[in-house]
Amino acid sequence: MLRNFLIALVLASFGFIFYNLYNSYEPQTELTGIAAHYAENGASEVGAANLVTAVVVSYRSFDTLGEITILFLTAAIISFFLKLSKEDEERVIIHRGTSELLKTASQLLIPLMFLFGIYVFINGHLTPGGGFQGGAIIASAVVLAIMANPNMTINHNVIIWVESISGVSVVLIGVLGIVLGGGFLDSTLDGYGLGEFGTIFSAGTIPIIYSLVGLKVGAELSNILNMYQKSQKEV
Amino acid sequence: MNNEIIYSVIAIGIGSIMLIMAVIAILNNKLSVAIIAAGVVSLFASVLFLLMSAPDVAMTEAAIGSGLSTLIFFYVLNKIKRQNA
Amino acid sequence: MKETLEIIGQIFLLMGSFSLLTAAIGLLRMPDVYNRVQTGTKASTLGAILSFIGLALMTYENWVEINWVGRFAVLVVFIILTNPVSSHVLMRAAYAMKIPLSKLTTVDKLREDINNKIVEEPKDE
Amino acid sequence: METLELGKIGLLIGFLLVIVGFWGILQQKNIIKIIVSFTILNTGINLVMVALGYVKGHTAPIIDSSVSQLENHNVLNAIVDPVPQALVLTAIVIGFGVTALLLAYAMKLFKAKKSLEINDFNDLKW
C-alpha cells in the first residue's frame, strides 16, 4: 500500500515537471545558435550534404569516438559474461528444421543485405544513413544467416580482426588530422580533401571514417548476437 | 500548410497506438506479449521520427530498436524457458 | 506527355491503395491466423508494388535521369523477395505452435505431407 | 491549430512514454518486465529529443536539390535542427548495448537463483 502510494507520488511529481515543460515549450520557427552555424557553414566547411553526418563525424566526432568505445566495452563485457565452458561449447542442440524456402531465400538475400549495408555507410555523407545504420543492417544480415541455419558458427577471429583494425584505423585517421588539418579528428585535411560538393569522393575523410565506424558497429553487434546465440547451448 | 495538419493527425493516431502498446507491455502477464508490444512501440516510434523529418534516426530505430533488441529478448526468454523445464 | 503520365500514375496509386484497403479489411474479417497472414501478405505486396509504379510514373522526368525510377525498381525487387519469405516463416512458426485452424478449413496439405513423410513436422521446442 | 503542432504532439507522446516507462520500472517485480519498461523509457526520451529539434514545416537536414531550389538559398528556413538527431543516433545504439548488458545480467541472475522475481534476491537485505 505504502509502495503504491510512493510510486504514485513519484509519477505525479514527474507528471507535474513534464506538464510545466510542455506548457512552456515554444515551437521554433527558425534555427538559432549553434544549429544555425552548422546549417549555414556545414556545406562549405565540411562538405557533407547530410548535416547529421557532418555533426556526428566532423563537428562532434569526439562524441562518436567515445560512443564506439562504449559499444566495444559493452560487447567485451557481454562476451565475458556469456562465455561458455568447454563442455557447453561442444554440445550440439537439435533445432527444429528450418524450411527449404527460408534457406534458399537466405542464400539470395544475405549478400544483397551486406551490399545494402555497405551502400548505406559509403553514401552516409550524401543520403540518410551512415555507419550506425549500415552496421545495424549488416548485423541483421547475420541474424538472417543464423535464423536460416541455427547450427552455424561464426568465425570469431574474423569479427575480432575487423573490429580491431577498423577501430585502430579511426584513431589513426584522427591523428592524421593533427598532421594535415586543424586538430584531432579534423575531417577536412586543411581544405584540400573536400572535393566537389555532392559527389561520392567529397567531404574529406568523412566517408572513410564513417565506413570504418560502420564495419566496427556491424562487427560488434554481430558479436553480441553471436554470444546470445551461443549461450543457448548452456543448460 | 495542409500537409502539416495531415501529418499531425497521423502522428496523433500513431501516438495513441504507441501509448496503448506501452501500457499493454507493462500490464500483460505473458512475457512474450510484453516483448512484442515493446517492439511495436519502437516500430511506430520510427514512423514518428520519419514524420518529424529525421530519416537517419528512423533507420536506426527501425533496425536496432524493433529488430535486434526484440531478438535478443527472445533469446533470453527461450533460454529461461529451457532452464525452467 | 507529362500530364498524361501523371494521370496514369494517379490511377495506379488509386489501385494500390484499394489493394491495401482490401488487405486491411481482410485482416479484420478472416477467421483464423493463417488466412489473416495470407491476405495481409498477398494484398499488401500487390498494393505496395502498384503504389511504387504509380509514384515512378508521377516523378518521371526523362529516361536519362532515372534517379527515382531506379530506386523504386530496387524497392519492388526487395519487396517481392522478402515479403513472401517472411510471412512463410511466420506461418510455419504458427503451425509449430499448434495454433488451431479455422473450422471452415477443408484442405491441410502440410498435414498430408507430414503423414506421407515428405517433410518433417515443424515442432515447437 | 495551436495544439495540432507536430513538434508538440511528439513532445507530449515522448513525455507520456517516459512516465509509462517509469511506472513500469517502479511497479513491476519481474526483471525482464523491468528491462522492457526501460526500453520504452529509452524510446520516449529519444522522441522528446527529436521533437525538441523539430521546426514546423521544415525538411530533413540534408542539403540537396530541394533545398538549393529555394528562392533565396536560405538554408535556415528549410531544414530542422541536426544536433538533437545526431545525439539520438548515438543514443539508440548505446541503448541497444545497455539493453543487451542488462539481459546478460538477468541471465546470470536467473542461473544463480532460478527465479526472476526481484523479491527473491534478498541477500543484501537486513
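With the convex hull of the Cα atoms taken as the outline of the range C:2-115, the averaged projected area works out to 8.6 nm².
Charges were assigned to the Cβ only: +1 to each Lys and Arg, -1 to each Asp and Glu. The resulting dipole of the range A:118-235 about its Cα centre is roughly 360 debye.
Take the Kirkwood radius over Cα pairs of the protein assembly as shown, plug it into Stokes-Einstein at 4 °C and 1.567 mPa s, and you get 50 µm²/s for translational diffusion.
Rg and Dmax of chain B, both derived from C-alpha coordinates alone, stand at 15.5, 59 Å. Beyond 21 Å, what share of the Cα-Cα pairs of the range A:80-177 is found? Please give it as a whole percent. Within the range A:80-177, distances greater than 21 Å cover 52 percent of Cα pairs. Shown for chain A are the DSSP H helices of 20 Å or more along their axis, judged by Cα atoms, with a mean Kyte-Doolittle hydropathy of at least 0.5: A:2-23, A:61-81, A:100-122, A:131-148, A:156-180, A:206-231. Between B:ASN84 and C:LEU27, what's the calculated FRET efficiency when r is the beta-carbon distance and R0 is 35 Å? Round to 0.05. Rounded to the nearest 0.05, the efficiency is 0.55. Taking 7 Å steps out from each Cα toward its Cβ at A:ALA8 and A:ASN151 produces label points 5.8 nm apart.
Dipole of the protein assembly as shown computed with +1 at Lys/Arg Cβ and -1 at Asp/Glu Cβ about the Cα centre; of C:MET97, C:ASN116, D:ILE19, farthest Cα towards the positive end is C:ASN116. Summing charges over all other residues whose Cβ lies under 15 Å from the Cβ of C:LEU104, with Lys and Arg as +1 and Asp and Glu as -1, gives +1.
Taking 23 Å as the limit for the C-alpha separation, the pairs A:LYS83/D:LYS114; A:LYS86/B:LYS79; B:LYS79/D:LYS33; B:LYS79/D:LYS125; A:LYS233/D:LYS125 exceed it in the case of B:LYS79/D:LYS125; A:LYS233/D:LYS125. Rounded to the nearest 0.05, the FRET efficiency derived from the C-beta distance between A:TYR22 and C:ASN115 at R0 = 60 Å is 0.45. The angle between the Cα long axis of helix B:69-84 and the main principal axis of chain B comes to about 20°, on a 0 to 90 degree scale.
Taking the Kirkwood radius as Rh and the Cα radius of gyration as Rg, chain A has a ratio of Rg/Rh equal to 1.09.
Is it possible to state the helix-based mean residue ellipticity at 222 nm for chain C, with each DSSP H run of 4+ residues giving -39500 (n - 2.57), the sum divided by total residues, to the nearest 500 deg cm²/dmol? What is it? Here the helix-only value at 222 nm equals -25500 deg cm²/dmol.
A straight line joining the Cα centroids of the range B:62-85 and the range B:1-55 runs 21 Å.
Under a model in which nothing but the beta-carbon of Lys, Arg (+1) and Asp, Glu (-1) is charged, chain A shows a dipole of about 860 debye around its Cα centre. Think of the protein assembly as shown as a dipole: +1 on every Lys or Arg Cβ, -1 on every Asp or Glu Cβ, centred on the Cα centre; then among C:VAL107, A:ILE77, B:THR70, C:VAL107 lies furthest on the positive end. Extension gain, A:SER164-A:SER79: 0.36 nm per intervening residue step, less the Cα-Cα distance, totals 29.1 nm.
Against chain C, whose longest principal axis comes from its Cα atoms, helix C:67-96 is set at around 10 degrees. Pairs of Cα atoms nearer than 8 Å and 6+ residues apart set the relative contact order; for chain D it is 27 percent. With 0.36 nm allotted per residue and the present C-alpha distance subtracted, the A:GLN107-A:ASP88 stretch has 3.9 nm of extension available.
Summing +1 for each Lys or Arg and -1 for each Asp or Glu among the other residues whose beta-carbon sits under 14 angstrom from that of A:LEU71 gives -3. Placing unit charges on each Cβ (+1 for Lys and Arg, -1 for Asp and Glu) gives the protein assembly as shown a dipole about its Cα centre, and among A:LEU225, A:VAL171, B:ILE6 the Cα reaching farthest toward its positive end belongs to A:LEU225.
No lab work stands behind these numbers, since they all come straight from the coordinates. If you're wondering where the values come from, they're calculated on a predicted model, not measured in any experiment. Cβ: placed from backbone, ideal geometry, glycine included. Neighbour counts: every protein chain shown.
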